[in-house]
Amino acid sequence: METTTRLGNVGQRVAKEVARLRGRTTVRELSARLAKLGRPILPSGITKIEQGQRRVDADDLVALAVALKVTPTRLLMGPPPTEGPDDPRHEDVWEWHPWTDREGVERSPIPILRLLPELAMEPWEAWAWAEGEAPLGEIWRLPEENSTNFAEDEVERFQAENRLPAPRPFLGLGDDLQLAIAKIGDAVTDALDEGLTEEQVTQLVQRAVTGWKKVAANRRANGERLRKVQEADENGSQPS
């Protein structure tokens, strides 16, 4: 039985991304990495993968992702979409479709990421699906499903089944404390996103801790003074 090596859209993308991400690493070096991972692929096999002459199965995909220091999703989807100037890496990964608005005016082409021969969508939507943020939407539904809207709990169910849950690294702590720790993490992330350096954020956190220590010391001192006053009142004497 003859086995076809003709690749579909995703297979072609994997081939391109393996070649792109390998960069200046030789096929022998990548082959050696794969051998250390227990999933050996000969240098000639890597060349065939990059040229679209050899299919990549699920085990190969994971091994290649580990060896190339990316995720399997990165190999399957190509470079993630970015805001701002066009990324030249997208040119041979995305399709560009012209479109006309409701007034008949031709607009700039929009990028499309093709997952299957009859399934393509905007890259942001495809990545949101791949990362477990949202189901694909109406575009994937079969005609006989006769549905135009998500079920009420469909998004929540999809996220629960496909998205990494919120981390709970501090086992044994109460929910309030877990929430406080999560807020600290969010605040640090926001500060870094706004342009502060790691050193500046660290200094701000240290200042906050120092301030908290001073407040805590004052509370303890005031509490001790109050305790002595109460004891004096009970004993009918002057507080020491």
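The values are calculated or read from the model by the stated rules, or taken from the named source; none is laboratory data. Since the model is a prediction, treat every value here as computed from it, not as a measurement. Please note: Cβ atoms are built from the backbone with ideal geometry, for glycine as well, and neighbour counts cover all protein chains shown. Side chains are part of the model used for accessible areas, which takes the heavy atoms of the whole protein and leaves out ligands, DNA and RNA. Shrake-Rupley method; radii C 1.70, N 1.55, O 1.52, S 1.80 Å.
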Query raised in the report: So for I46, I110, I184, what's the accessible-area order with a 1.4 Å probe, most first?
Result: I184, I110, I46
Requested in this report: Would you mind telling me the share, in percent, of accessible area of region 1-69 contributed by carbon and sulfur at probe 1.4 angstrom?
Outcome: 50 percent
Requested in this report: Take the solvent-accessible surface of the protein heavy atoms, probe 1.4 Å, and return the percent of it on region 179-221 that carbon and sulfur atoms account for.
Outcome: 58 percent
Query raised in the report: If the chain between R107 and A180 were fully stretched, how many nm would it gain, using 0.36 nm times the residue separation less the Cα-Cα distance?
Result: 21.6 nm
Query raised in the report: Which loop GluC sites (Glu not before Pro) in region 1-106, with loop taken from DSSP, have no more than 15 other Cβ atoms within 10 angstrom of their Cβ?
Result: E2, E83, E91, E103
Query raised in the report: Distance in nm between label sites at W96 and Q200, each 7 Å beyond Cα in the beta-carbon direction?
Result: 3.7 nm
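Under the 0.36 nm per residue contour assumption, what length would be gained going from the current alpha-carbon distance of R24 and L37 to full extension? Show your work: numbers first, answer last.
Numbers: separation 13, 0.36 × 13 = 4.68 nm, distance 2.04 nm.
Difference between extended and current length: 2.6 nm.
Based on the mean of other Cβ atoms within 10 Å per residue, sort peptides 60-66, 224-230, 37-43 so the most packed one is first. Kindly include the intermediate steps, with their values, before the conclusion.
Numbers: 60-66: 19.0, 224-230: 11.3, 37-43: 14.6.
Averaged packing, sorted descending, gives the order 60-66, 37-43, 224-230.
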Query - Sites L136 and V188 - FRET efficiency at Förster radius 35 Å, r taken between beta-carbons, to 0.05 - result: 0.60
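Give me the number: length gained by fully extending T210 to K228, i.e. 0.36 nm times residue separation minus the C-alpha to C-alpha distance, one decimal in nm. Walk me through the numbers on the way to the answer.
On the way: separation 18, 0.36 × 18 = 6.48 nm, distance 2.73 nm.
Full extension of this stretch gives 3.7 nm more.
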Report summary line: Here the averaged projected area of region 1-111, based on the convex hull of its alpha-carbon atoms and given in nm², is 9.6 nm²
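Looking at region 1-85, which trypsin sites (Lys or Arg not before Pro) are in a loop (DSSP not H, G, I, E or B) and have at most 13 other Cβ atoms within 10 Å?
Details: sites: R6, R13, K16, R20, R22, R24, R28, R33, K36, K48, R54, R55, K69, R74; in loops: R6, R24, R54, R55, K69.
Those that pass, being in a loop and sparsely packed, are R6, R24, K69.
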**Report entry** Mean accessible surface per residue for region 1-109, computed with a 1.4 Å probe while every protein chain stays in place, in Å²
**Finding:** 66 Å²
